[in-house]
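Data block below; observations after.
The values are calculated or read from the model by the stated rules, or taken from the named source; none is laboratory data. All figures in this text were calculated on a predicted structure; none of them were measured in a lab. Methodologically, a virtual Cβ is constructed for each residue, glycine included, from the backbone with ideal geometry; neighbour enumeration extends over all protein chains shown.
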Amino acid sequence: DGIYLKSLLLGNTGRRIRQKEDRKMKTTDIIDRRLTQIVPDERQIRFQETEFYAFVHFSVNTYTDREWGDGTEPESLVCPDSFDAAQWADAIRSAGMKGLILTCKHHDGFCLWPSRYTNHTIAGSPFRGGKGDPVKEAAPAAKAGSGSASISPPGTATTSPTAPERLTTTFL
């Protein structure tokens, strides 16, 4: 072995080289042992078990046929007359998905719920007579299938008055 040959040729210097290599090997063994002992916690395991999610993102741009909105679009364009949260949940579940992530507030500021911080919301649309709330309807629809849903309360993500008052992650 190269280390042994160096040791023979270099005497004490070779011994020091070999000792240094041994220390490196021990450090590597220690690191390897520590890395193999790492296991996911319960929360990480639950996340991995969800496997397949639906990501629902609809907003004013769904009705303008534009990829990016700028926040000046009239709220009255948004009128999902045939919106049916139970149908969404059934379709997602039948596709084998285990969860629903609903984008509730978009980069352009449009909120899918009636917000007290801005007028750029679903409340400014004719949807359910200006009283519709797709976010509020989505969670119980998903929960009906599995008994598991969660909505983060206002201010969880940030305390900014322009931030979404609620974020939704629903497990089916």
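A few remarks follow.
- Residues being of a type outside the set (D, E, K, R) and touching a residue at least 24 places away in the same chain (Cβ under 8 Å) - total across the range 59-73: 6
- Any hit, the range 96-112, residues being in contact with a Gly (Cβ under 6 Å, 6 or more places away or on another chain) and part of a helix (DSSP H, G or I): no
- Screening the range 47-97 for residues that are loosely packed, with under 15 Cβ neighbours inside 10 Å, under 20 Å from Ser125 (Cβ atoms) and charged (D, E, K, R) and picking the one that is farthest from the chain's Cα centre (by Cα) gives Asp81.
- Top-ranked residue of the range 148-164 - restricted to ones that are touching a Lys or Arg at 6+ places or on another chain (Cβ under 8 Å) and under 25 Å from Ile92 (Cα atoms), ranked as modelled with the highest pLDDT: Ala149
- All positions within the range 85-105 that are free of Cβ contacts under 8 Å to residues at least 60 places away in the same chain and either over 23 Å from Phe52 (Cα atoms) or small (Gly, Ala, Ser) (or both): Ala85, Ala86, Ala91, Ser94, Ala95, Gly96
- Qualifying residue in the range 129-142 (condition: part of a helix (DSSP H, G or I), over 21 Å from the mean Cα position of the chain (by Cα) and modelled with pLDDT of 90 or more): yes
- For the range 47-66, the tally of residues that are among the small types (Gly, Ala, Ser) and not in a loop (DSSP other than H, G, I, E, B) stands at 1.
- Filter pass, Trp88 being of a type outside the set (Gly, Ala, Ser) and modelled with pLDDT of 90 or more: no
- Filter result for the condition that a residue is under 30 Å from Leu112 (Cα atoms), out of contact with any Asp or Glu (no Cβ under 6 Å at 6 or more places or on another chain), of a type outside the set (Lys, Arg) and at pLDDT below 85, over Thr36, Thr50, Thr13: Thr50
- Only one of the numbered conditions (1) exposed (fewer than 15 other Cβ atoms within 10 Å of the Cβ); (2) modelled with pLDDT under 70 is violated by Gly145, and that is (1).
- Members of the range 33-46 that are in a helix (DSSP H, G or I) and either surrounded by 10 or more Cβ atoms within 10 Å (Cβ to Cβ) or not aliphatic (A, V, I, L, M) (or both): Arg33, Arg34, Thr36, Glu42, Arg43, Gln44, Ile45, Arg46
- The residues of the range 113-142 that are under 12 Å from Cys79 (Cβ atoms) and either among the polar types (S, T, N, Q) or without any contact (Cβ under 8 Å) to a residue 40 or more places away in the chain (or both), listed by number, are Ser125, Arg128, Gly129, Gly130.
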